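Some notes on the structure that comes next.
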Amino acid sequence: MNSTLSIPTDNPYKLMAIIGSVIFILSLYFLGYQTYRFNDSVFESLEKISIISSNVELSEPDKDYRIAIEERKIEIIENDRKFLPFGCAIFSAIGLFLGFYGFRHWLIEVYPVEDSMRKAQLKNLELSNQERSRFKVKKRT
């Protein structure tokens with residue numbers, strides 16, 4: 001399968017800016033997704049605890065054991081939830097730095113030079129076309 005999307009490798013600063021922006025956006029998405037997933041897991045464990053507590057067929061030691069398992073799941077989720085924002089913040093900061101540094105260098109240092117080169121090429125092409133249009137070749141009849 002051929003991809004029609006190509007990564008701009010003509011300029012390392014442009015590539016750095018795009019990769020930094022992608023890292024930043026993905027880290028924010030990951031933070032939101034994991035927060036949703038953690039909340040969903042906590043609600044699921046609390047629902048299981050209420051079902052286990054109301055189940056009359058289970059013995060008390062069995063209920064306590066299953067409830068302890070679900071409470072341990074909630075503790076693990078809470079510990080993971082404490083680490084997640086810091087990890088995402090680190091990746092967000094890296095992405096922001098790469099994006100800012102890449103865009104800054106590309107827009108301030110590289111793009112003006114490329115733009116002036118393109119304008120000079122266009123001016124040369126226009127002059128060349130004007131010279132060619134001065135000499136009109138007449139068809140022989």
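Quick note: the coordinates plus some simple rules give every number you see, no bench work behind them. Values in this document were obtained by computation on a predicted structure and should not be read as measured data. Positions of Cβ are generated from backbone atoms using ideal geometry, with glycine treated the same way; all protein chains shown enter the neighbour counts.
Structure values in brief
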{"quantity": "Among E60, E75, E126: highest mean-square fluctuation, GNM of the chain, C-alpha pairs under 10 Å", "calculated": "E126"}
{"quantity": "Mean separation of Cα contacts under 8 Å (6+ apart) over length of the chain, as relative contact order %", "calculated": "42 percent"}
{"quantity": "Candidates per GluC sites (Glu not before Pro) in region 33-65, loop by DSSP, up to 11 other Cβ within 10 Å", "calculated": "E57"}
{"quantity": "Calculated FRET value between M117 and L15, using beta carbons and R₀ = 30 Å, to 0.05", "calculated": "0.95"}
{"quantity": "Rounded to whole Hz, the Karplus (6.51, -1.76, 1.60) HN-Hα couplings of region 56-63, x for glycine and proline", "calculated": "8, 7, 8, 6, 4, x, 5, 4"}
{"quantity": "Range of Cα positions in the chain per principal axis (Å), largest first", "calculated": "111, 40, 19"}
{"quantity": "Assigned charges on the beta-carbon of Lys, Arg, Asp, Glu; region 1-100 dipole about Cα centre (debye)", "calculated": "540 debye"}
{"quantity": "For region 33-141, with +1 on Lys and Arg beta carbons and -1 on Asp and Glu, the positive-most of S54, F91, G102 along the dipole", "calculated": "G102"}
